[in-house]
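The values are calculated or read from the model by the stated rules, or taken from the named source; none is laboratory data. It should be emphasised that the depicted structure is a prediction, and the values quoted were computed from it without experimental measurement. All Cβ positions, glycine included, derive from the backbone under ideal geometry; neighbour counts span all protein chains shown.
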Amino acid sequence: MKVAEILKQKGQDVISVRPTESIENLSHRLRLARIGAMVVLGEGGALDGIISERDIIHGIAEHGARCLELTVADLMTRRVITCTPDDSVTRISRIMTESRIRHLPVVEGGNLVGVVSVGDVVKNRMDELSLEANVLRDLAIAGH
């Protein structure tokens, strides 16, 4: 299965943040949206980075309570690993595991078209396993 299929199922809406937004505001937005990361979009909608709960925790460890006053640009990951809609779910699973990341922005033709999370990958795999189990069950029933 391809990333495009996951995006088709979950939608391509992307919640983003500006690099100038405070970490305090970001943390509230993450909680309200019930998500663990946001892509950081700069001028003209360019992908400047990604910021996750993990980045915030590292910021708290380094800066203490003052972390909430910092901006997204102060803590975001600037070297963003991305994927394309044509990438296989197996490939992005490997990327996420090897890179120890939970969110992959999906880029096509230089444009951000979605974000895939490890939860999306797990759900996809569970759906595949359920389908396989149903097919095997139907074959077993038909064989008797």
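Listed values, structure above:
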{"read-out": "Set Leu68, Leu75: member being in contact with a strand residue (DSSP E or B) (Cβ under 8 Å, 6 or more places away or on another chain), surrounded by 19 or more Cβ atoms within 10 Å (Cβ to Cβ) and among the hydrophobic types (A, V, I, L, M, F, W, C)", "value": "Leu75"}
{"read-out": "Tally, over region 101-120, of residues that are crowded, with 19+ Cβ neighbours inside 10 Å, of a type outside the set (A, V, I, L, M, F, W, C) and not in a helix (DSSP H, G or I)", "value": "3"}
{"read-out": "Those residues of region 23-64 which are under 16 Å from Asn111 (Cβ atoms), at pLDDT below 95 and in contact with a Ser or Thr (Cβ under 9 Å, 6 or more places away or on another chain), in sequence order", "value": "Gly45, Leu47"}
{"read-out": "Hits in region 6-63 - residues which are assigned to a loop (DSSP other than H, G, I, E, B) and either among the basic types (Lys, Arg) or within 24 Å of Thr84 (Cα to Cα) (or both)", "value": "Gly11, Gln12, Asp13, Val14, Ile15, Arg18, Pro19, Arg34, Ile35, Gly36, Gly42, Ala46"}
{"read-out": "Some residue of region 69-76 being over 22 Å from Val116 (Cα atoms), in contact with a Ser or Thr (Cβ under 6 Å, 6 or more places away or on another chain) and either modelled with pLDDT of 95 or more or not acidic (Asp, Glu) (or both)", "value": "yes"}
{"read-out": "Pairs where the first residue, in region 74-91, is within 17 Å of Gln9 (Cβ to Cβ) and the second is loosely packed, with under 15 Cβ neighbours inside 10 Å, C-beta under 6 Å, 6+ apart", "value": "Val89/Met1"}
{"read-out": "Qualifying positions in region 64-100 - part of a helix (DSSP H, G or I) and touching a Pro at 6+ places or on another chain (Cβ under 7 Å)", "value": "Val72, Ala73"}
{"read-out": "Residue satisfying condition, being over 14 Å from the mean Cα position of the chain (by Cα) and surrounded by 11 or more Cβ atoms within 10 Å (Cβ to Cβ), within set Glu62, Glu43, Glu53, Glu98", "value": "Glu62"}
